[in-house]
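As C-alpha cells, the structure follows; a few thoughts come after it.
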Amino acid sequence: MPVPRPAPPPGVLERLTYIQAPVRAVWATLHDPAAQDALFPELHLGPAAPSWPAAGATRSARLRIGLLVANVRLESLEARPSARFQMILVGDGIRLVRGWFLEEVAGGTRVAATAGLTTGRWPGRFIALGRGSATGIVETHLRILKEMAEGSRPTGEAPESKHGSTLGRP
C-alpha cells in the first residue's frame, strides 16, 4: 500500500514530475553514489555513512546556492525505499528541508519534490544576490533525476523495433 503524500506546509515549495521508469529505478537513481554529483550540483558531498540513506544517517557537504557557500550537515529524516525520502541540510544561518515522494502511476513514477528553505539575514542576501533559490534547486534536480532514471532503464523494459532502437525515442 502506498504511503500517502502529505500536503506541503505553508512556505514549502513543491514541484511534480512524471518519470517514465519504475519506482525502483527512480529510487535507485536518487541514491546511486555514482550519480550524486550530477543529481545535487549545489552540493559537494562528503563521504556517506554506511547506513546512508537510512533515517538518522548523516554526512557533511559544502552547499552553494547563489553567492552563498556554506559547510552543512545533512541528516536523513525518513527513508522508505521506493516511496519517500526526506533530509535536512543545516549550516550557519541556513536550513533546507528536502523531500521526495514517489508514487507508481501509469507505468511510471510520479515524483513530488519539496523544499523548505530558511535563512538568516546575510545568507538570504547572498542567495538572492547570486539569483539562487530553492525553486532553482528543485527544478534542476527533478530534470536531472528524470533524465538519469529514464536513461538507466535496462534493455528489455521498453519495446524495441526490429532495427534495435527503442520505440517512441529519437
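Throughout, read-outs are computed from the coordinates displayed, never taken from laboratory work. Remember, it's a predicted structure, so these values are computed and weren't measured experimentally. Glycine gets a Cβ as well: all are built from the backbone with ideal geometry, and neighbour counts include every protein chain shown.
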>> Once R0 is set to 30 Å, what does the formula 1/(1 + (r/R0)^6) return for the Cβ-Cβ distance between ILE144 and ASP92, expressed as a FRET efficiency to the nearest 0.05?
In response: 0.65
> By how many nm would the segment from ALA28 to VAL105 grow when fully extended, if each residue of separation counts as 0.36 nm and the alpha-carbon distance is taken off?
Replying inline: 26.0 nm
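Could you give the length gained on full extension between ARG73 and THR58, defined as 0.36 nm per residue of separation minus the Cα-Cα distance, in nm? Provide the component values of the computation, followed by the final result.
Numbers: separation 15, 0.36 × 15 = 5.40 nm, distance 0.69 nm.
4.7 nm is the gain from fully extending ARG73 to THR58.
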> Going toward the positive end of the dipole of the stretch 13-151, with +1 on Lys and Arg Cβ and -1 on Asp and Glu Cβ, which of GLN20, ALA54, GLY91 do you reach last?
Replying inline: GLY91
> Length gain on complete extension for the stretch ALA128 to HIS44, per 0.36 nm per residue less the alpha carbon to alpha carbon distance?
Replying inline: 28.2 nm
> Label-point separation (nm) for GLN36 and ARG121, each offset 7 Å from Cα along Cα-to-Cβ?
Replying inline: 3.6 nm
> Given a cut-off of under 8 Å on Cα pairs at least six residues apart, what relative contact order in percent is computed for the stretch 13-151?
Replying inline: 29 percent
